[in-house]
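Bear in mind these aren't lab numbers, they're just calculated from the coordinates by the rules spelled out. All of these numbers come straight from a predicted model, not from anything done at the bench. Glycine also receives a Cβ, built like all others from the backbone with ideal geometry; neighbour counts cover every protein chain displayed.
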Amino acid sequence: MLWILLLFAFIPPLIYLAWIRNTEKYEREPWIPLLFTFLWGATIAVIAAFILETLLAIQLMDFIKNGNILTILIGVVVAPIVEEFTKPLALTMNIVKKNINEIEDGLVYGAVAGLGFSAMENLLYGIKFYNQGIWVLLALFYTRTVGCCLLHASATALTGYGYSKKLIQGGSITKVIHFFIIAIAAHSLYNIFAFSSAITGQITGVVAAIIFAILSITWVRKKIKKIELTEKGS
């Protein structure tokens, strides 16, 4: 039923949202811009990414005739670039931008945008595989709510970090592009792990992807705490 899919899709990312928000001990971000960022990720970012990925896929079909290669290329190259572009655009909206007054804020808002995107993906995948049986749904629930949610949060947090550094410290757009490229690389690496399991039929790639996502979000939270400690100690 739809309500079960909605709970599966949105409850874990919203729990992660509170978890990321509460990583800050002082001056935690207000809920309204956080929820706006989450909804941006779940709606505008998803729609924009779908349109861009579809257009790029159509263009690639003229050059790549092998369907398997095309699928891998879209998953490992196109999707990371497009999605890591559309998600953090939420931070440029005034309702969010005016609340970015500390460098760690970019990490928080970037992660939340990623969680919103992941929530909508959870729903779409849940609808797609709803009739595949309970074990498929349980496997999907685990990989999406742990691996995919944390990956989207971690990767977009990186671009958010670059954006907040530029806002607060000044400098050129290259400061944002630097972390944007790292975000794409992290997203791509996760997808490579996941694709390796799909190709080989072994679970090793999925396990590696989930471990990578957990390590990535751990780094993000440690970075938030470290920057905040440095700011409060100065």
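Using R₀ = 22 Å, calculate the FRET efficiency as 1/(1 + (r/R₀)^6) where r is the Cβ-Cβ separation of Ala18 and Lys98; round to 0.05.
0.50
Of the chymotrypsin sites (Phe, Trp or Tyr not before Pro) in segment 31-124, which ones lie in a loop per DSSP and count no more than 14 other C-beta atoms within 10 Å?
When the chymotrypsin sites (Phe, Trp or Tyr not before Pro) of segment 31-124 are filtered for loop state and at most 14 Cβ neighbours within 10 Å, Phe63 remain.
Tell me, what is a quarter of the convex hull surface for the C-alpha atoms of the chain, in nm² with one decimal?
Answer in nm², one decimal: 13.2.
Using a simple spin-label model with points 7 Å from Cα along the Cα→Cβ vector, what separation in nm is obtained for Ile211 and Trp31?
Placing both labels 7 Å along Cα→Cβ, they lie 3.9 nm apart.
Only Cα pairs under 8 Å and at least 6 apart count here; give the relative contact order of the chain as a rounded whole percent.
This gives 26 percent for the chain.
In the structure shown, do any of Lys65/Lys87; Lys25/Lys87; Lys97/Lys165; Lys175/Lys232 have a Cα-Cα gap over 22 Å, and if so which?
Lys65/Lys87; Lys25/Lys87; Lys175/Lys232, as the Cα separations exceed 22 Å there.
Order by neighbour count: Phe179, Phe10, fewest other Cβ atoms within 10 Å first, most last.
Lowest count first: Phe10, Phe179.
What FRET efficiency comes out for Thr200 versus Leu55 if R0 is 30 angstrom and r is the Cβ-Cβ distance? Round to the nearest 0.05.
0.45
Please report the net charge: other residues with Cβ closer than 12 Å to the Cβ of Gly114, K and R +1, D and E -1.
Net of charged neighbours comes to -2.
Using each residue's phi in segment 161-171, evaluate 6.51 cos²θ - 1.76 cosθ + 1.60 at θ = phi - 60° and report the 3J(HN,Hα) Karplus result to the nearest Hz, with x for Gly and Pro.
4, x, 5, 5, 4, 5, 4, 8, 9, x, x
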